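Student: Here it is: the structure, laid out below.
The values are calculated or read from the model by the stated rules, or taken from the named source; none is laboratory data. Note that the coordinates shown come from a computational prediction; the quantities given were computed from them, not determined experimentally. When we count neighbours, we look across all protein chains shown, and the Cβ atoms used for this are built from the backbone with ideal geometry, even at glycine. These area figures cover heavy atoms from the full protein model, side chains too; ligands, DNA and RNA do not enter into them. Shrake-Rupley method; radii C 1.70, N 1.55, O 1.52, S 1.80 Å.
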Amino acid sequence: MNDTAVLSIDIGTTALKAALTGERREGGIIVFASSRIPLVEKDESKAALEWLVALKAALIEMREKTKADFGIYDPFKRLSGICVSGNGPTIVSKNGVTLLWSSPLTVKVSEKCKSLFIPRLLQFREQFPEEWSASDTIFSGPEYLIYRLTSRAVTILPESRYSTAYWDVRSLYEAGFSANEQSKFPACRAPGDCAGVVTAQAAIALDGFLPARTPVFCGAPDFIAGLIGTATLSVGRLCDCAGSSEGINLCTSRAIFAEGIRTLPSVLYGLWNAAVLIPESGVKFAKYKQSVEEREGKSWTYEEFINRVLDEGDEEGKKILVDNAKEVASAVKKLRDAAEKEGIPLKNTIQVTGGQALNPRWMQLKCDIIGLPLTVPSCADAELTGDAVLARYGLGEYESLEDAAESLVRVEREYFPKKV
């Protein structure tokens with residue numbers, strides 16, 4: 001193992017998360033920070049202007065933590081690379097005017113259009129016509145922060161098969177974009193490609209917290225980064241990305257088409273990702289927690305509240321947790337049945353990431369109901385691990401992305417089913 005560190009950055013809707021990781025560090029994580037993106041609720045069209053501010057706040061927090069833990073030994077001095085991922089399809093102009101992925105669409109799009117980006121590009125053009133005309137470059141979310149760090153413009157295409165979900169010349173013409181408008185979109189680069197280096201201007205803007213000339217690597221949309229960060233890159237591997245919503249994902253050797261299953265290309269050529277989505281799985285419990293807090297006039301951390309639900313006979317709260325686990329079990333069965341028809345074997349464990357993975361009692365309850373062993377990685381934010389994998393791969397430390405993921409994704413805890 002080498003002694004260098006890499007910085008992972010993931011841009012969310014309301015917060016930016018960052019982690020400094022090192023291969024020699026137990027579990028990989030040296031320090032983690034999360035910084036709120038303050039203007040999102042006030043004016044979403046200015047969100048991207050806050051990303052560098054949020055990154056600086058996260059870096060300050062990380063510097064303070066490492067100063068306490070390491071004294072004069074500064075792990076940032078061993079920084080060899082940076083990788084950026086984020087939600088999509090968020091659209092950003094060169095001046096930082098932002099149309100978030102979650103913003104409502106009012107434009108009409110042909111039913112033949114399979115692109116996730118073209119409807120949002122049309123919406124941006126209609127909603128911000130002056131900015132659209134003035135900006136010579138249009139970015140997606142993480143690519144804009146990469147631009148602010150490096151002054152280099154790129155479009156991150158997860159894999160060539162994703163071109164229909166992004167755009168090509170024909171689909172752009174069919175949607176009404178002129179040749180001049182199409183020149184606004186930067187050339188495509190792959191995850192793990194080096195986009196550029198931190199400029200002196202960016203280093204100054206960040207008060208020197210990131211050294212100039214540090215390589216910056218292309219990450220991926222957060223969904224793809226999460227799959228990389230769980231090593232769901234080999235046939236039969238299962239992962240449960242559990243946040244406000246939930247996705248049960250299976251890596252397959254060929255596309256699976258079945259009711260309730262969404263199949264997309266893997267980031268690795270020749271592989272696919274079959275997924276069953278569970279909308280608002282985490283939101284339901286969060287809303288219940290909020291309603292109890294309002295009713296009883298007090299607040300709990302999630303760990304405290306889950307303990308309260310399980311220890312005090314809160315049947316309504318427990319039902320939400322049990323129902324969630326049953327939905328996951330149903331999703332796994334759906335994937336298993338579809339995979340068996342195609343002769344694709346499933347591995348006998350599920351890796352779980354996201355907020356749910358942080359609570360042992362919720363995880364054990366889930367494990368008991370699903371009836372399969374569950375594992376939790378050292379970093380519950382799989383996107384950040386995925387960024388670290390891409391940075392190490394981009395630095396040439398591994399021969400393949402799969403090798404990097406298998407080496408860097410580390411299991412911290414395992415759960416085994418008990419009879420319920």
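Student: Any residue in region 262-270 that is farther than 30 Å from residue 401 by Cα, among the charged types (D, E, K, R), surrounded by fewer than 19 Cβ atoms within 10 Å (Cβ to Cβ) and free of Cβ contacts under 8 Å to residues at least 60 places away in the same chain?
Tutor: No, every residue in region 262-270 fails to be farther than 30 Å from residue 401 by Cα, among the charged types (D, E, K, R), surrounded by fewer than 19 Cβ atoms within 10 Å (Cβ to Cβ) and free of Cβ contacts under 8 Å to residues at least 60 places away in the same chain.
This table checks each residue for (1) basic (Lys, Arg); (2) under 25 Å from residue 148 (Cα atoms); (3) outside any strand (DSSP E or B).
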{"residue": "173", "(1), (2), (3)": "no, no, yes"}
{"residue": "191", "(1), (2), (3)": "no, yes, yes"}
{"residue": "212", "(1), (2), (3)": "no, yes, yes"}
{"residue": "217", "(1), (2), (3)": "no, yes, no"}
{"residue": "220", "(1), (2), (3)": "no, yes, no"}
{"residue": "226", "(1), (2), (3)": "no, yes, yes"}
{"residue": "239", "(1), (2), (3)": "no, no, no"}
{"residue": "249", "(1), (2), (3)": "no, no, no"}
{"residue": "255", "(1), (2), (3)": "no, no, yes"}
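Student: Continuing with the same structure: Looking only at region 397-420, count how many residues are open to solvent by 40 Å² or more (accessible area, probe 1.4 Å) and either closer than 16 Å to residue 366 by Cβ or in contact with a Gly (Cβ under 8 Å, 6 or more places away or on another chain) (or both).
Tutor: Residues meeting the conditions: 9.
This table checks each residue for (1) over 20 Å from residue 402 (Cβ atoms); (2) of a type in the set (Phe, Trp, Tyr); (3) open to solvent by 20 Å² or more (accessible area, probe 1.4 Å); (4) in contact with a strand residue (DSSP E or B) (Cβ under 7 Å, 6 or more places away or on another chain).
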{"site": "163", "(1), (2), (3), (4)": "yes, no, yes, no"}
{"site": "166", "(1), (2), (3), (4)": "yes, yes, no, no"}
{"site": "182", "(1), (2), (3), (4)": "yes, no, yes, no"}
{"site": "211", "(1), (2), (3), (4)": "yes, no, yes, yes"}
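Student: For region 124-141, state whether one or more residues are modelled with pLDDT of 95 or more, touching a Ser or Thr at 6+ places or on another chain (Cβ under 7 Å) and part of a strand (DSSP E or B).
Tutor: yes
Student: Considering 121, 116, which residue is assigned to a loop (DSSP other than H, G, I, E, B) and either over 15 Å from residue 43 (Cα atoms) or open to solvent by 20 Å² or more (accessible area, probe 1.4 Å) (or both)?
Tutor: Unique residue meeting the criteria: 116.
Student: Let me ask something additional. Across region 271-291, what is the total count of residues that are out of contact with any strand residue (DSSP E or B) (no Cβ under 7 Å at 6 or more places or on another chain) and touching a residue at least 40 places away in the same chain (Cβ under 8 Å)?
Tutor: Matching residues across region 271-291 total 2.
Student: Continuing with the same structure: Can you tell me how many residues within region 324-341 are within 15 Å of residue 371 (Cα to Cα) and open to solvent by 70 Å² or more (accessible area, probe 1.4 Å)?
Tutor: 4
Student: Which numbered condition trips up residue 189, out of (1) free of Cβ contacts under 8 Å to residues at least 60 places away in the same chain; (2) open to solvent by 50 Å² or more (accessible area, probe 1.4 Å); (3) touching a helix residue (DSSP H, G or I) at 6+ places or on another chain (Cβ under 8 Å)?
Tutor: For residue 189, the exception is condition (3).
Student: Select, from 277, 374, the only residue that is crowded, with 21+ Cβ neighbours inside 10 Å, among the aliphatic types (A, V, I, L, M) and under 17 Å from residue 249 (Cβ atoms).
Tutor: When all the criteria are applied, what remains is 374.
Student: Are there any pairs with C-beta distances below 7 angstrom linking a residue in region 111-126 that is within 8 Å of residue 166 (Cα to Cα) to a residue that is of a type outside the set (A, V, I, L, M, F, W, C) and not in a loop (DSSP other than H, G, I, E, B), with the two at least 6 apart or on different chains, and if so which?
Tutor: Note: pairs meeting the criteria are 115/164; 115/171; 118/171.
Student: May I ask you to list the residues in region 283-320 that are part of a loop (DSSP other than H, G, I, E, B) and of a type in the set (Gly, Ala, Ser)?
Tutor: Across region 283-320, the qualifying residues are 297, 299, 313.
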